[in-house]
Each structure stands twice: as C-alpha cells, then as structure tokens.
Amino acid sequence: MGIVDRAAVKRTDVVLEIGPGTGNLTVRLLERAKRVIAVELDTRMVREVMKRVEGTEWEKSLQIIQGDVLKVPLPFFDVLVANVPYNISSPLLFKLLAHRPMFRCAVIMFQEEFAQRLTARPNTDMWCRLSVNTQLLAKVDQLFKVNRNNFRPPPKVDSRVVRIELRNPPPPVNFTEWDGMIRVIFNRKHKTLRATLTTKATLKLLTSNVNTYRAISRAAAGGNGPVGGGHAKSKAKPARGAAVAVDAMDEEKEGEGDVGDGRATEAEVKEMVESVLERESLEGRRAASMDIDDLLALLSAFNEKGVHFA
Ligand SMILES: C[S@@+](CC[C@H](N)C(=O)[O-])C[C@H]1O[C@@H](n2cnc3c(N)ncnc32)[C@H](O)[C@@H]1O
C-alpha cells in the first residue's frame with residue numbers, strides 16, 4: 001500500500017495535496033476524493049498538473065494554489081497528502097499542528113530520522129523538542145519506510161511515510177508557554193532541571209516574564225502598574241491560555257517577596273525556580289527522561305508559582 005491507500009480517502013473528502021509535482025499522486029487522489037486542492041510552488045509543475053487533467057472528468061474537481069505552502073493560508077480539508085522537500089519538514093509540520101478546523105489525518109513522507117523523532121520515547125537519543133511538541137498535539141503512526149534506491153538519483157538517506165492525527169480536544173495548555181519551557185530544558189536535555197533552569201540567560205528571561213505578569217496582574221486589579229497606566233485593564237490582557245496562571249499569581253502576590261516597586265530580581269526568581277523543583281522533587285530530573293505528563297505537571301507547577309516561559 002502506498003501513500004494514497006494509507007490516506008484512506010473517502011468519496012466525500014476534500015484532500016489537500018502539498019507539492020503535486022507532475023501530478024502522479026494527484027490523479028489517484030482525484031479518483032477517490034470529492035475534491036483535491038493542490039498547493040505547488042513551481043509554476044512549471046502547476047502547468048504540468050493542469051495539462052494532465054485538462055479535458056478529463058477530473059478537471060472540475062481539482063483546484064491548484066500556486067505558492068509556498070508555508071506562506072499561503074491553507075483551505076479547509078479532511079485529509080492531507082504531502083511529499084515535499086525535507087528542508088521544510090519542521091515548519092510544515094508545525095503549521096499543520098496549529099491548523100484549524102481540525103482535519104482527519106495527514107499522510108506525509110519525511111526523512112527517516114525526522115520521522116523517528118516524531119514518535120521517539122523518553123530515555124532514547126531521539127527524544128527531543130520535536131518529539132515532545134508533536135506528541136503533545138498529535139498522535140503519529142509510522143506507516144512504511146521508503147528506501148533511498150526508490151528515487152533517481154538516490155538521495156543520501158531513506159525516507160518514511162507517517163500518519164498524523166491531531167489530538168482532539170487539544171491539550172489545555174498555552175503552547176507558547178509550553179514551547180518556551182521545552183526549548184530551555186531540551187537545549188541541554190541530559191543536564192538536571194536545576195542546572196538548565198538556573199543559568200544566567202534563563203534567569204534573565206524568567207525574571208523579565210515574572211515582571212511582565214506581575215505588571216499585568218497589577219493593572220488588571222486596577223493598580224497603577226508599569227503596563228499602560230489608567231487604560232491598562234483593557235490593553236494588558238494576558239495571552240490566551242495564561243489566564244489561569246495569572247489568577248494563581250494573584251493569590252500568591254502577598255507571599256512572594258516583591259522588592260520595593262514589586263519587581264522581582266533574578267535572585268528571587270532563582271529561589272522561586274528552586275522551590276518549585278524542590279517541592280516537586282524534580283531538582284535532579286533531566287528532560288531526557290521526562291514524558292509528556294511529567295512535563296505538563298512541571299509547567300503547571302511553575303505557572304502556579306508565577307514563573308512563566310513566555
Ligand atoms: C518530491 S516532489 C513531489 C512530487 C509528487 N508529489 C510525487 O510524489 O510524484 C516535491 C514537490 O514539492 C514542490 N514544493 C517544494 N517546496 C514547496 C513549497 N514550499 N510549497 C509547495 N510546494 C513545494 C516542488 O515544486 C515539487 O513539485
């Protein structure tokens with residue numbers, strides 16, 4: 001079974017094909033779907049595909065969007081099929097993970113190693129920021145390997161086709177905040193959390209975030225915090241998904257040592273970070289061994305304490 005069969009296209013489906021090239025997959029998708037929308041960067045390829053369906057029964061059910069898949073707004077679709085250059089694998093994947101409304105599935109060919117990272121597990125070499133972010137938002141199945149000798153000329157690496165289904169409902173987490181934390185702790189995944197989270201650069205970032213959240217919180221409470229003065233309440237809305245964290249922070253304001261003007265210092269934020277790690281018994285843990293649930297719990301513990309990664 002090839003990519004088209006694995007996509008399990010139904011008669012009622014709108015299929016989005018990325019990079020149709022000369023249209024080999026396109027014609028097979030048209031035989032099965034209600035409609036195919038193809039996004040192709042190369043104008044010569046666009047003409048090739050159009051020529052291929054001209055005068056056939058498929059002419060009316062194919063729409064071609066000429067452009068870069070990373071730049072064009074994607075239309076509604078049920079199923080996506082993609083075979084595109086591997087240098088856009090990561091941005092394409094993240095565009096799809098954020099795509100709404102949700103689609104039924106995406107069947108995509110990636111480089112073997114990239115595909116393996118998508119389904120990697122903790123305590124393996126492949127477990128990385130890509131694995132964690134993908135598995136937070138989607139379920140990925142490895143479908144089949146495509147040997148490099150199937151291509152002319154053969155590339156340097158093998159490929160693999162995977163199926164991606166978005167988690168529905170999506171996890172209740174602010175993705176920017178989540179990815180901010182994942183970036184920091186997976187930058188050196190074998191170091192302890194205490195070591196990665198208390199470097200000078202990380203503390204600088206966290207202190208700036210803590211102070212922004214405090215200012216927002218003060219403004220929302222009607223005070224004259226640094227954000228926006230008298231109009232701050234309407235202007236300084238926290239990012240979507242951050243509301244819970246801001247409420248939790250309000251409750252803590254009295255206890256958390258504000259210094260004078262209410263701004264936290266790096267030393268104070270270091271203490272906040274260390275106290276969360278200690279309370280959760282996580283000082284000695286390493287990102288390399290943490291699964292998604294461990295990481296969600298870690299982010300939640302930090303947010304409750306008023307520590308933010310975005
Ligand atoms: C490997 S070919 C795929 C050919 C065809 N799908 C097949 O299986 O026979 C990749 C295609 O993706 C197109 N492409 C490359 N970058 C693209 C982008 N950023 N957006 C849309 N299409 C792109 C190329 O022009 C090319 O036609």
Checklist entry - Looking at Val72, is it within 9 Å of the ligand (Cβ to nearest atom), part of a strand (DSSP E or B) and either at pLDDT 95 or above or farther than 19 Å from Ile108 by Cα (or both)? => result no
Next on the checklist: Looking at Phe151, Phe144, can you tell me which residue is hydrophobic (A, V, I, L, M, F, W, C), surrounded by fewer than 19 Cβ atoms within 10 Å (Cβ to Cβ) and modelled with pLDDT under 95?
Outcome noted: Phe151
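Residue by residue, here is whether (1) more than 9 Å from the ligand (Cβ to nearest atom); (2) farther than 26 Å from Val157 by Cβ; (3) under 19 Å from the mean Cα position of the chain (by Cα) holds:
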{"site": "Ile37", "(1), (2), (3)": "yes, yes, no"}
{"site": "Asp42", "(1), (2), (3)": "no, no, no"}
{"site": "Arg52", "(1), (2), (3)": "yes, yes, no"}
{"site": "Leu62", "(1), (2), (3)": "yes, yes, no"}
{"site": "Leu93", "(1), (2), (3)": "yes, no, yes"}
{"site": "Leu97", "(1), (2), (3)": "yes, no, yes"}
Item to check | Of residues in the range 75-91 being surrounded by fewer than 17 Cβ atoms within 10 Å (Cβ to Cβ) and within 11 Å of the ligand (Cβ to nearest atom), the one nearest to Ala138 (Cα to Cα) | outcome: Pro91
Item to check | Any chance Thr26 is more than 24 Å from Arg104 (Cα to Cα) and in the same structural domain as Val79 (by TED's automatic domain parsing) | outcome: no
Checklist entry - If you go through the range 5-17 one residue at a time, do you hit one that is within 15 Å of the ligand (Cβ to nearest atom), modelled with pLDDT under 95 and surrounded by 13 or more Cβ atoms within 10 Å (Cβ to Cβ)? => result yes
Checklist entry - Is the range 154-162 home to any residue that is assigned to a loop (DSSP other than H, G, I, E, B), in the same structural domain as Ala7 (by TED's automatic domain parsing) and either out of contact with any helix residue (DSSP H, G or I) (no Cβ under 6 Å at 6 or more places or on another chain) or among the β-branched types (Val, Ile, Thr) (or both)? => result yes
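The values are calculated or read from the model by the stated rules, or taken from the named source; none is laboratory data. Nothing here was measured: the structure is a model prediction, and the numbers come from that model. Every residue, glycine among them, receives a Cβ derived from its backbone with ideal geometry; neighbour counts consider all protein chains shown.
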